[in-house]
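The values are calculated or read from the model by the stated rules, or taken from the named source; none is laboratory data. A quick note: this is a predicted structure, and the numbers were derived from the prediction, not measured. Quick reminder, even Gly has a Cβ in these numbers, built from the backbone with ideal geometry, and neighbours come from all protein chains shown. Ligands, DNA and RNA are excluded from the accessible area calculation, which covers all protein heavy atoms including side chains. Shrake-Rupley method; radii C 1.70, N 1.55, O 1.52, S 1.80 Å.
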Amino acid sequence: MEKRSFVTIANFSKEKILYMLEMAREFEKHPNRHLLYGRVVATLFFEPSTRTRLSFETAANRLGARVIGFSDPKATSSSKGETLKDTIKMVSNYADIIVMRHYLEGAATYATEVTNVPIVNAGDGAHQHPSQTMLDLYSIYKTQGTLENLNIFLVGDLKYGRTVHSLIQAMRHFNPTFHFIAPDELRMPEEYKIYCREHGIKFEEHHEFTAESIADADILYMTRVQQERFTDLMEYERVKNVYILTPEMLVHSRKNMKILHPLPRVNEISQGVDDCEQAYYFQQAQNGLYAREAILCDVLGITLDEVKADGARISE
Ligand code: CP
């Protein structure tokens, strides 16, 4: 079995993405397996998390693995000055997979350089969040029946929101048209606009967020303004409530349109939207379990054929 890390989605081919989505679909049919029986999965969260950590841990448990790790770095020896390198080398003595969230951009890539244990990037600073992207793709595919030729509106904090950065890279294979809706302070970083131009990805930038401006969306991807990444809290106060989605804004929406959000939300989606048929963000989080089961298997070299054969045994 060939082991591999998962730190970015940028190097995934179209075939690999579709392969991973098919594996996620297999896990949605049968979430409980023994494919990771006897394995240990470490979850090292240097930043807060609810969904990513708990869904990775649930995925590991449902696959028969055992889980070690921490969600509060203050309770670890990193608070005594232990380096990330030493922490990774230590945990590599205990675990078969390391799932890591870190506040520094590039931390996951760095971790791959100091260990042979597969590293899964559960978010590195404002950079990337590739496992979120896998569940976003799965959610888009499930709700739209395709990933091809979609109008995807990204709204809110496009500067610090790492999920939108990873999503752009993953969608490059599927001829999307992106609409970036953000205030000037939070607009999409130049490097991702350059990426779009280099890969022939169509995009437009807007400030306006109204029922009319989002009427053509197939996917409306809302994001939280990331308070923790601001150095100037006055600036955060200025922009924190810049866009708030309300049920009234959905009057012109396409029939197929779905609202995604990586969560947590703060104010950017009013509670009233939760009961609208377009709201899909809680199901999206549930899809994270299946996508992350697929990721844990893939980094250990467990193939789609093996997952299918295992599923067939369960169905007998
Ligand atoms: N979407 C996401 O990353 O959520 P958490 O921060 O709760 O893990």
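Tabulated data
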item: Filtered GluC sites (Glu not before Pro), region 127-225: DSSP coil and at most 13 other beta carbons within 10 Å; result: E148, E208, E212
item: Carbon plus sulfur fraction of accessible area for the chain, probe 1.4 Å, in percent; result: 48 percent
item: P(r) tail fraction, the chain - alpha-carbon pairs more than 32 Å apart, %; result: 27 percent
item: Calculated from backbone phi, Karplus (6.51, -1.76, 1.60) coupling profile of region 226-240 in Hz, x at Gly/Pro; result: 7, 3, 5, 9, 7, 8, 10, 5, 5, 5, 4, 4, 5, 10, 4
item: Alpha-carbon centroid distance for the pair region 73-121 / region 221-242, whole angstrom; result: 28 Å
item: Spatial separation of Cα centroids for region 263-297 and region 16-59, in angstrom; result: 16 Å
item: Fully extended contour minus Cα-Cα distance, from E205 to S77, at 0.36 nm per residue; result: 41.6 nm
item: Å² of accessible area per residue within region 178-269, as computed with a 1.4 Å probe and no ligands counted; result: 51 Å²
item: Proximal aspartates and glutamates relative to K193, as straight alpha-carbon distance under 14 Å, when same-chain residues fewer than 8 apart are discounted; result: E204, E205
item: Rounded, prolate or oblate (a/c below 1.5 giving rounded, otherwise prolate when a/b exceeds b/c) for region 219-311 by Cα gyration tensor; result: oblate
item: For L260, residues with placed amide H under 5 Å, excluding near neighbours; result: L220, Y221, M222
item: Cross-link table K14/K202; K202/K240; K14/K308, entries beyond 23 Å C-alpha to C-alpha; result: K202/K240
item: Under the Debye formula (equal points on every Cα, no solvent term), log10 I(q)/I(0) of region 130-284 at q = 0.16, 0.19 Å⁻¹; result: -0.85, -1.24
item: Helix 130-144 axis, angle to the chain major axis (alpha carbon atoms, nearest 10°); result: 60 degrees
item: For the chain, calculated [θ]222 nm from helices alone, where every DSSP H run of n ≥ 4 adds -39500 (n - 2.57); result: -11500 deg cm²/dmol
item: Of K29/K255; K85/K258; K89/K142; K16/K80, pairs whose Cα-Cα distance is over 31 Å; result: K85/K258; K89/K142; K16/K80
item: Spherically averaged projected area in nm², based on the convex hull that wraps the Cα atoms of region 44-203; result: 10.8 nm²
item: Nearest 10 degrees, 0 to 90: helix 162-171 Cα axis against the chain principal axis; result: 90 degrees
